[in-house]
Amino acid sequence: MFWLLLVVLTTIVVWCWYPDEPLPKGIVIDKLIVYKGKRKMEAYSGNRLIKTYTIALGKSPEGHKQYEGDNKTPEGIYTINARNPHSSYHKNLGISYPNTIDKANALKLGRSPGGDIKIHGLPNARGYTGWFHNRKDWTAGCIAVTNDEIDELYIAVKHNAVIEILQ
């Protein structure tokens, strides 16, 4: 019984830390589609699906972000409008939230829509959590991937690439 348990645990550890297939060299990602309910993000070059990522979302992921502090990940069509190689979450790609509609909806609630919604890696000095980070939604409304994944996305995703975030 001990040996069976050892084999199972070893298999799980190897599977968790075995590197994913990297993006092909020189590929340009011009569209990302996020499926919040599935915790998946697809990367496209033209109409061709290049890679699918498992993601973590805001701590309260159901529904569209309404205002700052609601811990929801927005839904809708945005663009990748910024990149930061020195953020507090390894690297990040900025998402153009809030748009005009988001701002108007938050104003109706008498609240700020918030901002700083990103696709980012893990908190600095916590990269060791790797693959395990996506077992629980933990961000304040962002989309989180591993550090290796944000490294490749940071290079491959073009400025103003479309990101469509769906429930």
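The values are calculated or read from the model by the stated rules, or taken from the named source; none is laboratory data. Since this is a predicted model, take the numbers as computed values, not measurements. Here Cβ is always computed from backbone atoms with ideal geometry, including for glycine, and neighbour counts include all displayed protein chains. Side chains are part of the model used for accessible areas, which takes the heavy atoms of the whole protein and leaves out ligands, DNA and RNA. Shrake-Rupley method; radii C 1.70, N 1.55, O 1.52, S 1.80 Å.
For this structure, a couple of remarks:
- For T100, the test of being under 20 Å from S45 (Cα atoms) and out of contact with any helix residue (DSSP H, G or I) (no Cβ under 8 Å at 6 or more places or on another chain) is failed.
- Test: S112 is in a loop (DSSP other than H, G, I, E, B) and under 15 Å from the mean Cα position of the chain (by Cα): no
- Qualifying residue in the range 82-89 (condition: aromatic (F, W, Y), out of contact with any Asp or Glu (no Cβ under 9 Å at 6 or more places or on another chain) and surrounded by fewer than 16 Cβ atoms within 10 Å (Cβ to Cβ)): no
- Residue within the range 103-113 that is open to solvent by less than 20 Å² (accessible area, probe 1.4 Å) and more than 26 Å from I29 (Cα to Cα) present: yes
- In the range 133-153, the residues that are within 17 Å of G94 (Cβ to Cβ) and either open to solvent by less than 20 Å² (accessible area, probe 1.4 Å) or not in a helix (DSSP H, G or I) (or both): T139, A140, G141, C142, I143, A144, V145, I150, L153
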